[in-house]
Amino acid sequence: MCAETTEAVDYKDTLNLPETDFPMRAGLPKREPDWLARWNDLRIYDRLRDKAGTEGDRVPFTLHDGPPYANGHLHIGHALNKILKDMVVRSQQMMGRDARYIPGWDCHGLPIEWKIEEQYRAKGRNKDEVDIVDFRQECRRFAEGWIDIQRDEFQRLGVTGNWSDPYLTMNYRAERIIAECFQTFLMNGTLYQGSKPVMWSPIEKTALAEAEVEYHDKESFTVWVKFRVLTEGDLENSQVVIWTTTPWTMPSNKAVVYGEHIAYGLYEVTGTPDECWANVGDRYILADNWPRMFSPARVWRTRNGRGCAM
């Protein structure tokens, strides 16, 4: 048995470590602003641009960045987005490209309008009673304020770019260029008028982007529906039976499709059990041994609407 000792052993003197000027504590919250200020004083981005310009043989690389909305503080999604893009720009510069990054902001749309409406509701104001020009000017001032805040927050993330001259969708020059491009499409014949479903908010009285719509999970019944055939002759007064998992689409249905390589039968009801919706004498068109595959389709025009593939 070993004898116990009360003498404390100091292992610090037994470690073989190099001597450095690094502080014992990193102190990142205090040191990071100093680093960013130094990089700003050195004009890192401008010097990279100057270097690319003097060499003259670098292949240009421009990152096309979808601008964020100027409507609030940055979150982790902004950080992930901008940091990854900054890595792309820097790596392209290191690989010999003339890599530039001009940040920008989206200054239009529902996310900014909604913030102004929140302020109205807090003050008991009705948006419909506000002059449209005054409303737009408030949205513009709101976006201008958040652009400055988000710019500082992006720079705190260490993102390198032309922060002094960003792209803003509400700049009059940008709006002019958009109008000029529209006129170009009009004059060269590439502009056309078509139909496209656009989501509309009846509460906000504005169009919605697909990404701004939240869907709730919905369970619906599968249904069998009969459609009266308009064709005269042997199929007159008969009905096509379809099956669908989207019964809410029935009001807008206009036709029933069928496969030309699928055999169909015309059946007449001669008797029914109790509580049956079919009536004696009804004639139904049904698929015989429908293969579990899609075939080239034709269309039956029906009086009630459009159904699913038979």
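Exactly one residue among A174, A179 is closer than 30 Å to N40 by Cα, free of Cβ contacts under 8 Å to residues at least 40 places away in the same chain and of a type in the set (A, V, I, L, M), and that residue is A174. The residues on offer are W300, W277, W290, and the sole one that is of a type outside the set (G, A, S), modelled with pLDDT of 70 or more and out of contact with any Pro (no Cβ under 7 Å at 6 or more places or on another chain) is W277. No other residue among Y215, Y284 is aromatic (F, W, Y), at pLDDT 80 or above and either loosely packed, with under 10 Cβ neighbours inside 10 Å or assigned to a helix (DSSP H, G or I) (or both) apart from Y215. For the list (1) farther than 30 Å from K51 by Cβ; (2) outside any helix (DSSP H, G or I); (3) in contact with a Phe, Trp or Tyr (Cβ under 8 Å, 6 or more places away or on another chain); (4) not acidic (D, E), I need the number of the one condition that R125 fails. Going through the list (1) farther than 30 Å from K51 by Cβ; (2) outside any helix (DSSP H, G or I); (3) in contact with a Phe, Trp or Tyr (Cβ under 8 Å, 6 or more places away or on another chain); (4) not acidic (D, E), R125 breaks only (3).
Filter segment 40-65 down to residues that are closer than 27 Å to D106 by Cβ and among the hydrophobic types (A, V, I, L, M, F, W, C) and give me whichever is surrounded by the fewest Cβ atoms within 10 Å (Cβ to Cβ).
I44
Scanning segment 234-280 for residues that are surrounded by 13 or more Cβ atoms within 10 Å (Cβ to Cβ), in a loop (DSSP other than H, G, I, E, B) and touching a residue at least 12 places away in the same chain (Cβ under 8 Å) returns L235, S238, N253, I262, V269. Looking at segment 147-157, is at least one residue touching a His at 6+ places or on another chain (Cβ under 9 Å), of a type in the set (S, T, N, Q), touching a residue at least 40 places away in the same chain (Cβ under 8 Å) and not in a loop (DSSP other than H, G, I, E, B)? Taking every residue of segment 147-157 in turn, at least one turns out to be touching a His at 6+ places or on another chain (Cβ under 9 Å), of a type in the set (S, T, N, Q), touching a residue at least 40 places away in the same chain (Cβ under 8 Å) and not in a loop (DSSP other than H, G, I, E, B). Considering segment 143-182, and only residues there that are among the hydroxyl-bearing types (S, T, Y) and surrounded by fewer than 14 Cβ atoms within 10 Å (Cβ to Cβ), the residue that is modelled with the highest pLDDT turns out to be Y172.
Is it the case that some residue within segment 183-198 is in contact (Cβ under 8 Å) with a residue 40 or more places away in the chain, assigned to a loop (DSSP other than H, G, I, E, B) and closer than 28 Å to L110 by Cβ? Looking through segment 183-198, none of the residues is in contact (Cβ under 8 Å) with a residue 40 or more places away in the chain, assigned to a loop (DSSP other than H, G, I, E, B) and closer than 28 Å to L110 by Cβ. G72 meets all of the listed conditions (1) under 18 Å from I102 (Cβ atoms); (2) outside any helix (DSSP H, G or I) but one, namely (1).
Annotation note: Cβ proximity below 9 Å between a residue of segment 204-231 that is over 20 Å from S252 (Cα atoms) and a residue that is in a loop (DSSP other than H, G, I, E, B) (sequence gap 6+ or interchain) occurs for T206/G109; A207/V198; L208/V198; A209/G109; E212/G109; T231/S238. Would you pick out the residues in segment 50-93 that are in contact with a strand residue (DSSP E or B) (Cβ under 7 Å, 6 or more places away or on another chain), of a type in the set (D, E, K, R) and in contact (Cβ under 8 Å) with a residue 40 or more places away in the chain? Result: R58, single match. For G104, the conditions (1) touching a Pro at 6+ places or on another chain (Cβ under 7 Å); (2) at positive phi all hold with the exception of (2).
The values are calculated or read from the model by the stated rules, or taken from the named source; none is laboratory data. The shown structure was predicted, so the numbers you read here are calculated from the model rather than taken from an experiment. Ideal geometry is used to build each Cβ from the backbone, glycine not excepted, and the neighbour counts take in all protein chains shown.
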